[in-house]
Amino acid sequence: MLDHFRKLLEDVCSPNEIRAVENGGSTAVMWTAFQDSGFLDALIPEADGGAGLGLADVAPLFLELGAHAVPLPVAETMIGRALLGKASITSPSGPLALADLTLSRSALVLFADQATHVLADLGDRAALFEMAGFEATVPDSRGWCGARLRIRTDAVPVAELGQPRPGLRAIGAVACAAQIAGATRRVLDMSVAYAGERVQFGKPIGKQQAVQQNLAVMAEHVVMAGMATQIGCADGLDPTLEAAAVAKQVASAAAAAVADIAHAIHGAIGISEEYDLQLLTRRLHALRLAHGSESWWAKALGVARLEQGSTSTVDYIRAIGAV
């Protein structure tokens, strides 16, 4: 399954195609390939026409989406279709974004600029809206891939469903954590390769102790992001707040650290338009902020810990990581 999915991404989501999308090009061909592949229904039970896989089973696919900097809400659509299917609601055929509107009527929504529908968390329930139900503003920044959505006062949902535990922000955060884990691993591979090729003062810069240390730190963050993603995916589509917090906090912190070190190793070439590194590091920062940054989730986890009262911190942490 993973090999077929990776081949699909290599065929339809090359760096040049990503650049074309970022410059306003159409995603129709790319999305049709995902639609026809059947992967979008991977989380739907076999009895309902899907593959019947769990979130932990498809996590490697989410990692590949991050590693290839796919500019579409593929992971979000897979999750949205599964949640709608559980509520016996027919899913739209187009890209589906996930939005948390529990704190405000507007939010920055990852990949919303490429979505046809939005599954929004309204606090007391989740509801499916067409994109016409929102006022969309695309930020003037290439570092963000998505749009700020403000729900219209006259917006009418296509369908309503119950509230996933503990809300769409949590499962959206887990999906982002998995994509971060894949993207950081790809950035690490690129940095190791570049350090072995770039020669200064007669030898590859990878021979320098300072560069080796930075690569080791990058590797630590990559491993931590992968482990945190496993914790987040262990409970399927209904992650606990603690599991989602661990996944997103660790992954978002790793995203920032890995991006910074990668650019330090690559130097000026890393930010050039022609070099692929910036496609991944910009995506890392977008995923880092989507569905709550590392500080947002650190606070959420701290509040949850304090509410446990007499439970020891060691037992609390062990319970979260029991995957």
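Pairs are defined by a Cβ separation below 7 Å, a sequence spacing of at least 6 or placement on different chains, a first member in region 298-309 that is under 17 Å from ALA251 (Cα atoms), and a second member that is open to solvent by 50 Å² or more (accessible area, probe 1.4 Å) and in a helix (DSSP H, G or I); the pairs so defined are ALA298/GLN249; ALA300/LEU241; LEU301/GLN249. Restricted to region 155-192, and to residues there that are open to solvent by 50 Å² or more (accessible area, probe 1.4 Å) and out of contact with any Leu (no Cβ under 8 Å at 6 or more places or on another chain), the residue that is farthest from THR116 (Cα to Cα) is ASP189.
Mind checking which residues of region 274-294 are touching a residue at least 40 places away in the same chain (Cβ under 8 Å) and more than 15 Å from the chain's Cα centre (by Cα)? Within region 274-294, ASP276, LEU277 meet the criteria.
On the stretch given as region 134-154, residues that are small (Gly, Ala, Ser) and surrounded by fewer than 14 Cβ atoms within 10 Å (Cβ to Cβ) total 2. The requirement of being small (Gly, Ala, Ser), crowded, with 24+ Cβ neighbours inside 10 Å and farther than 26 Å from ILE18 by Cβ is not satisfied by ALA234.
Scan region 90-97 and give yes if some residue there is polar (S, T, N, Q) and crowded, with 19+ Cβ neighbours inside 10 Å, otherwise no. Looking through region 90-97, at least one residue is polar (S, T, N, Q) and crowded, with 19+ Cβ neighbours inside 10 Å. Return yes when ASP3 is modelled with pLDDT under 95, farther than 20 Å from LEU119 by Cα and either surrounded by fewer than 20 Cβ atoms within 10 Å (Cβ to Cβ) or within 20 Å of the chain's Cα centre (by Cα) (or both) and no when it is not. So ASP3 passes the test. If you go through region 121-133 and pick out every residue that is surrounded by 16 or more Cβ atoms within 10 Å (Cβ to Cβ) and touching an Asp or Glu at 6+ places or on another chain (Cβ under 8 Å), you end up with 4.
Candidates in region 203-231 are the residues that are surrounded by 19 or more Cβ atoms within 10 Å (Cβ to Cβ) and among the small types (Gly, Ala, Ser); of these, the one that is farthest from THR281 (Cα to Cα) is ALA228.
The values are calculated or read from the model by the stated rules, or taken from the named source; none is laboratory data. Just so we're clear, the structure is a prediction, and the values are computed from it rather than from any experiment. Glycine also receives a Cβ, built like all others from the backbone with ideal geometry; neighbour counts cover every protein chain displayed. Calculation scope for accessible area: heavy atoms of the full protein, side chains included, ligands and nucleic acids excluded. Shrake-Rupley method; radii C 1.70, N 1.55, O 1.52, S 1.80 Å.
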